[in-house]
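Taking it in order: structure first as structure tokens, then the write-up.
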Amino acid sequence: MCGIIGYIGQKKISPILINGLKKLEYRGYDSAGICVLENGGLTIIKKTGRIEELAKSPELKNVNGAIGIAHTRWATHGEPNEQNAHPHLDCEQKIAIVHNGIIENYQALRELLIKEGHKISSETDSEVLAHLIEKFYKGDLLKAVKETLALVDGAYGMAVIHKDQDKIVVARKGSPLIIGVGEGEMFVASDVPAILEHTKKVIYLNDDEIAVIGQNDYQITNLAGEKLDNKIEEIKWSVEQMEKKGYKHFMLKEIFEQPESISNTLRGRIKDGKIKLSIDFDIKEIKKIVITACGTSWHSALIGKYLLESIAEISTEVDYASEFRYRQPIVTKNDLAIVISQSGETADTLAALREAKQRGAKSLGIINVVGSTISREVDSGIYLHAGPEIGVASTKAFTSQVVALLLLTLYIRQEKGIALDKELLEDLADIPEKIDQALHRAEEVKEIAQKFKDIKNFLYLGRGLNFPVALEGALKLKEISYIHAEGYPAAEIKHGPIALIDENMPVVFIATKNSLSEKIISNMEEVKARQGVVIALVSDSDERIEKIADYIIKVPEVRNELSAIVNSIPLQLLAYYIADLRGLDVDKPRNLAKSVTVE
Ligand code: M6R
């Protein structure tokens, strides 16, 4: 977690650093700081809380220098306060570092440094980096950073400046870092949005790479000192795509963007009744699929399992990436490991990918962020093309993941030589229109949100494909509204959760028409018989459930294979409106970060 930006050039530095940090706030936001080289010394300003606190600080106005680094923090070691905020300095205040990641052996390094007389002033793991660089510095900053990294175990994306050097040294292992190439100015950042208003030319650093960045040049080497020639990539996303476009929150904007984001996921991938994907290995030889992911992406993986097993007729397992990586999974060279990640940077998902690859599996990523670490490590991939997702709660990436999984499912079926259902292809191509119809009912969902905004607990129930939809609906609600919510397979409630049912526990049933409709109606009756309050998500044409449920949310009728996509829309809206009506910071919920780059 955490966001880094650095600048070297002739423009006024503080707005560049502060605006860059604001664009990175999704990576963490419990404290922030900047350090600028000016008048032969380092000026440092740090504040607890959001970037806005730092932006308001009066000292910032007088800052004037050509080189600076800045950081927004998401605490891992030491509570969020000014002392623990980055940048961190060495004893003599000549060196400043910002760091994203975790230094696993920091305790041992800290003890060593203290024995040698260094005064460590924070509780963070990161501060040891500044002191180690101080220990090794003999006039060559790059050399000192390399010697430091040789002692460090763990993950880092880091940027370092020294008061006597007109350069920024950056290094990466396990935490993302990019270099932005401008005209007579250079940038470094954890992610593209931080620098996009200044340049679209970006270089992605890989693990174990170090770069020395000057105002007009840069040099990238590996840890052995060999020069590297990473190519400059042109970013296609516009600054405007990153803005809220008049919506109150990014999350709402992203919910309403789904007809477009899904069209983008589909674009060029269904042609003449065939699925077009570029996959570099022979997918029909795959015997088993294992999907790993975290959070919302794990929910789309569960939907993928239903699709892959029923349509592509291939055995599929789904695992939390954080569990997969530490057990002894049975994965062989005949298997395909699919990793799903919006950010492409989730630490557990990346580790699960590496574990599966090490066991010989082929790998395939379903990723949104182009150029992200996972996207570069998989054998093949399907980019979502959903556009930047800024709200911490994932919405449009989720529906695009489900669409990508369905495309992959159909592709595998096609490659195995089994005929595709032409109507399913047509209906899939029509899905953006159905999403649009579902979004037109936002006001009705808002009225229901108004009624339930003060409730303390919710239950979400669904069966088949709609069980993961229930899980996702519950996750959306809890992460942004702080209301306790649980998702369950509807039939399971009699094995325990039914004991919770009373008039204070609303139950959201995902009950759109499918082969299990009769069964879910029985589950609904069971809840009603115990004075439960039922909010039912039903297909347009369904009138039976209206007689049983207390509240109805209608969605356009689609075939079962596509229902998870459409049904997710009102659940995203319900969570959004409840959180907003409670007056909460929807885009930046407490304790969360958009991209979880620590395990
Ligand atoms: O970037 P990823 O898809 O790998 O992120 C995985 C989870 O951290 C993410 O989906 C998280 O659960 C979201 N906050 C859900 O809205």
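The values are calculated or read from the model by the stated rules, or taken from the named source; none is laboratory data. Only a predicted model underlies this, so the values are computations on that prediction, with no experimental measurement involved. Cβ sites come from the backbone with ideal geometry, for glycine too, and all protein chains shown count toward neighbours. All accessible areas refer to the heavy atoms of the entire protein, side chains included, with ligands and DNA or RNA removed. Shrake-Rupley method; radii C 1.70, N 1.55, O 1.52, S 1.80 Å.
Okay, here's what the table says:
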item: Some residue of the stretch 185-204 being more than 30 Å from Ile480 (Cβ to Cβ), among the acidic types (Asp, Glu) and not assigned by TED's automatic domain parsing to the domain that holds Thr346; result: yes
item: Considering residues of the stretch 207-251 that are of a type outside the set (S, T, N, Q) and in contact with a Gly (Cβ under 8 Å, 6 or more places away or on another chain) only, the residue farthest from Gly391 (Cα to Cα); result: Ile213
item: Selected residue [surrounded by fewer than 23 Cβ atoms within 10 Å (Cβ to Cβ), charged (D, E, K, R) and modelled with pLDDT under 95] from Lys434, Lys416, Lys333, Lys357; result: Lys333
item: Yes/no for Ser394 being in contact with a helix residue (DSSP H, G or I) (Cβ under 8 Å, 6 or more places away or on another chain) and within 11 Å of the ligand (Cβ to nearest atom); result: yes
item: Close pairs (7 angstrom Cβ cut-off, 6 or more residues apart or separate chains): among the hydroxyl-bearing types (Ser, Thr, Tyr) in the stretch 216-227, part of a strand (DSSP E or B) anywhere; result: Tyr218/Ile179; Tyr218/Met186; Tyr218/Ala211; Tyr218/Val212; Thr221/Ile210; Thr221/Lys227; Thr221/Leu228
item: Some residue of the stretch 153-172 being out of contact with any Lys or Arg (no Cβ under 6 Å at 6 or more places or on another chain), farther than 23 Å from Ile34 by Cα, outside the structural domain of Leu353 (by TED's automatic domain parsing) and among the small types (Gly, Ala, Ser); result: yes
item: Single residue of the stretch 257-299 satisfying the filter (open to solvent by less than 10 Å² (accessible area, probe 1.4 Å) and farther than 21 Å from Glu355 by Cα) that is farthest from the chain's Cα centre (by Cα); result: Ile275
item: Set Val566, Val558: member being in contact with a Pro (Cβ under 9 Å, 6 or more places away or on another chain) and crowded, with 18+ Cβ neighbours inside 10 Å; result: Val566
item: Test for Ala549: is it at negative phi and open to solvent by 10 Å² or more (accessible area, probe 1.4 Å); result: yes
item: First in the stretch 232-252 and among the charged types (D, E, K, R), second anywhere and open to solvent by 60 Å² or more (accessible area, probe 1.4 Å) and modelled with pLDDT of 90 or more, Cβ under 6 Å, 6 or more apart; result: Glu234/Lys200
item: The stretch 472-510, residues that are part of a helix (DSSP H, G or I) and under 30 Å from Phe250 (Cβ atoms); result: Glu472, Gly473, Ala474, Leu475, Lys476, Leu477, Lys478, Glu479, Ile480, Ser481
item: Ile521 being farther than 26 Å from Val392 by Cα and either open to solvent by 10 Å² or more (accessible area, probe 1.4 Å) or not aliphatic (A, V, I, L, M) (or both); result: yes
item: Residue within the stretch 444-466 that is within 15 Å of the ligand (Cβ to nearest atom) and open to solvent by less than 60 Å² (accessible area, probe 1.4 Å) present; result: yes
item: Failed condition for Glu526, given (1) out of contact with any Lys or Arg (no Cβ under 8 Å at 6 or more places or on another chain); (2) away from the ligand (no atom under 16 Å from the Cβ); (3) among the acidic types (Asp, Glu); result: (1)
item: Residues located in the stretch 467-487, provided they are surrounded by fewer than 22 Cβ atoms within 10 Å (Cβ to Cβ) and more than 13 Å from the ligand (Cβ to nearest atom); result: Tyr482, Ile483, His484, Glu486
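Let's see how each residue does on (1) in a loop (DSSP other than H, G, I, E, B); (2) within 17 Å of Leu592 (Cα to Cα); (3) touching a strand residue (DSSP E or B) at 6+ places or on another chain (Cβ under 6 Å):
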site	(1), (2), (3)
Ile5	no, no, yes
Ile16	no, no, yes
Ala32	no, yes, yes
Cys35	no, no, yes
Glu59	no, no, yes
Thr76	yes, yes, no
Glu82	yes, no, yes
